[in-house]
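Comments concern the structure below.
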Amino acid sequence: MKTGYAVFGFVVVAALAFYVGYQAGRNSAGGGGAPTAAVDPGRAPTPPTLKREGEIFNLPVGENTHCKGPADAKVTIIEFSDFQCPFSARVSPTLEEIRRNFGNDVRTCFRHNPLPFHQDATLAAEAALAAGDQGKFWELHDKLFANQSALKRPDLERYAEELRLDSTRFNGALDQNAHASQIARDKADAAKFGARGTPAFFINGKLLSGAQPYDQFKAAVEEARKRADALLAKGVARDQLYTELVKHGLAQAQAPRPQPQPGEGSGRQLIQIGSADHCQGPVNAKVTIVAFSEFQCPFSGKVVPTVRQIRETYPQQVRICFKHNPLPFHQDAALASEAALAAGDQGKFWELHDKLFTNQSALKRPDLERYAGEIGLNLAKFKAALDNGTFKDRISEDMKLAAQVGARGTPTFFINGKKLAGAQPFESFKSEIDEEIKKANELLQKGVPPGQVYAELVKAEPFKPAAPSPTPTADRAPADDGKPVPVSFTGAFFKGPSSARVTIAEFSEFQCPFCKRVVPTLMQLFKEYPSQIRVAFKHNPLPFHSYALDASKAAIAAGKQGRFWEMHDKLFDAHGGNLTRADFERFAQDLQLNLGKFRSDLDSPEVAALIKADQDEAGRLGARGTPTFFINGRRLVGAQPIGQFKALIDDELKKK
């Protein structure tokens, strides 16, 4: 059972597990940054790419990309970078040296790939592009890399003033997220072409990853210049060099080899409980439950009464310990965890724990300070802990541990080392706890000290990681062998006649630009095949799209009043802004929906469960990005031209 498991696809584990890799890889040659989970739009994150030696990618420079050096340079270096990544900063002087030594033979182009666990990176990228609107991209680029520990909004505004930018125009661009679409496009290309870490460089189409030393860049540039010279000798015009050099390159990175994620496998995992961890129940309890949780997650909140019931039912036999795993798409979760630990520093962790879960919709800094006052904390000490980030490192340690043991969503529980994921009912916990008590009693009868029961159980059933999947033998994902796959249509909204011979299952979401781009294509298909096709909309909101999940809820809520497709159109028409609940309610009023029912359905667990079921289905079918289509079960990925759709539809219509 995975009811209420608050994990949205692969992104969360990537953002956390790769954070571990980021820390662990700091001593490797050249650094290289963290493999990124920051992918989008239209392509969810995947594990590191399998690369063949010498691959060239047909990577575009991109519209409005900021470059240094002549457009007709022999060597074009496209950099995917992140202003908060220390390795990206480290390599910046190396690129300057390359430009100095190779002169007009080299141009460098900066594209954005802010990583999800760098909280300030996206806003910094927007600021750089806003400065670029005023002709000072590179000046702010340098300031951002020189001040990586100070990239909050006030810092960015101060740098803009120092560069004598028009502050009104600069701040307006940030307020309106004017450059969000360009950053999203850059991130999408980073994912598509296998640049899953920062910094990553494409030198005339060849990938060089990480903050490599100067000699590595020099060798790559010299080799790229030789290829350019060979084309020039054949009469290729200099202004066509880059296009000619990459035009026969790969259109995307090779399919990755599926790998088991950290924590996947069988057996028990020993999760160490430190003196700083907050636990309830006796130290020598027969059953230790470690909960990886966070205060903004609705499923974590939902399970709180169940945990309370466990404590009441097993007061002497169960100990419950809280570990922090604030998910990156819950904006207030990390600060709430800091607040809970600050309260714990004054002996009132559980009191604030309860207040935070009771008030999940109000977790901003003023709210946290109010709760601290209500439970009688020393406010000066509490505020100082938040101001100084006193507990950030402890939370980071918990998050890294969560990634290592496979706690990819919240809540995730480990009962004497055995994983139980999601907001499960009391009965699910009870059956596991009762079994663990029996096993503990057997060990105690054999003379095992009470404090060693957990460790002995792990020793008897050690964790065995899952074996890696076989390497794909083709340039596509293993699930994509061209054969039709069964698709579930439970809860889906259809457009087109039920008698249609071709059913198109569309896994999509309302914030993805590629999903919007394909809407006219589908409309044209309905015109050309009015009685022969129908489309079923399946929801796969990507977690790094801030309003996609709520937009899907709004569409389903409208669908419950018979207006799904009308809301579908409104959401796509409004694409590009930062939609809020107020916008969804306004759309509902425009459609003359029952607003009370609409609001109730927006918050309904049933609606959330429908979306989660679609996301699980997408994962099972290998629909890692949006949009992904299954035409009578045959997969077609992306916002393809209409000819691609028609070829498959016509082929299906030829069948008996």
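Throughout, read-outs are computed from the coordinates displayed, never taken from laboratory work. Small disclaimer: the values here were computed from a predicted structure and weren't measured. So basically every Cβ, Gly included, is an ideal-geometry build from the backbone, and we count neighbours across all protein chains shown.
Going 7 Å from the Cα of Lys646 toward and past its Cβ, which residues in the range 518-544 have a backbone nitrogen under 12 Å from where you end up? What the label zone holds, given the 12 Å backbone N cut-off, is 524-529. Between the range 55-103 and the range 172-187, what's the alpha-carbon centroid distance in Å? When both Cα centres are located, 20 Å separates them. Given a cut-off of 37 Å, what percent of all Cα-Cα pairs of the chain lie beyond it? More than 37 Å apart: 43 percent of the Cα pairs in the chain. All C-alpha to C-alpha distances of the range 265-462, sorted into 5 Å bins beginning at zero, yield P(r) values of 1, 8, 16, 20, 20, 15, 10, 6, 3, 1, 0 percent in whole numbers. When Rg and Dmax are taken over the Cα atoms of the range 481-614, they come to 14.8, 47 Å.
Charge dipole (Cα centre; +1 on Lys/Arg Cβ, -1 on Asp/Glu Cβ; no other charges) of the chain amounts to roughly 1360 debye. Normalised by the number of residues in the chain, the average gap of Cα pairs under 8 Å and 6 or more apart makes the relative contact order 16 percent.
In this structure, Asn284 and Gln404 have a Cβ-Cβ separation that, at R0 = 30 Å, corresponds to a calculated FRET efficiency of about 0.70. Of interest is the spacing of the C-alpha centroids, which for the range 282-318 and the range 552-606 amounts to 36 Å. Each peptide in 216-224, 611-619 gets a packing score, the mean of other Cβ atoms within 10 Å over its residues, and the list from highest to lowest is 611-619, 216-224.
The angle between the Cα long axis of helix 392-405 and the main principal axis of the chain comes to about 90°, on a 0 to 90 degree scale. A Förster distance of 60 Å, applied to the separation of the beta-carbon atoms of His248 and Glu461, puts the FRET efficiency at 0.65.
Annotation: the residues Lys516, Lys538, Lys656, sorted from fewest to most other C-beta atoms within 10 Å of their own C-beta, follow the order Lys656, Lys516, Lys538. The C-alpha atoms of the chain define a longest principal axis, and helix 137-146 lies at about 40 degrees to it.
Each of Met567, Met523 was scored by other Cβ atoms within 10 Å of its Cβ. Listed from fewest to most, they are Met523, Met567. Database note for the chain: Cys without another Cys beta carbon under 4.7 angstrom, Cys85, Cys297.
Neighbours of Glu222, meaning other residues whose beta-carbon lies under 12 angstrom from its beta-carbon, give a summed charge of +1 when Lys and Arg score +1 and Asp and Glu score -1. With 0.36 nm allotted per residue and the present C-alpha distance subtracted, the Asp215-Arg517 stretch has 104.4 nm of extension available. Using R0 = 22 Å, the C-beta based FRET efficiency linking Asp229 and Ala71 works out to 0.80.
Take the Cα of Ser181, step 7 Å toward its Cβ, do the same at Asp142, and the gap between the two points is 3.2 nm. Model label sites at Leu163 and Ser488, defined 7 Å from Cα along the beta-carbon direction, differ in position by 5.0 nm.
Over all projection directions, the Cα-based convex hull of the range 31-246 averages an area of 11.5 nm². Look at Lys143, Lys654 and count the other Cβ atoms within 10 Å of each Cβ; fewest to most, that gives Lys654, Lys143. Take the Cα of Arg153, step 7 Å toward its Cβ, do the same at Leu653, and the gap between the two points is 5.3 nm. Checking the cross-link pairs Lys364/Lys400; Lys527/Lys570; Lys187/Lys570 against a 22 Å limit on the alpha carbon distance flags Lys364/Lys400; Lys187/Lys570 as lying beyond it.
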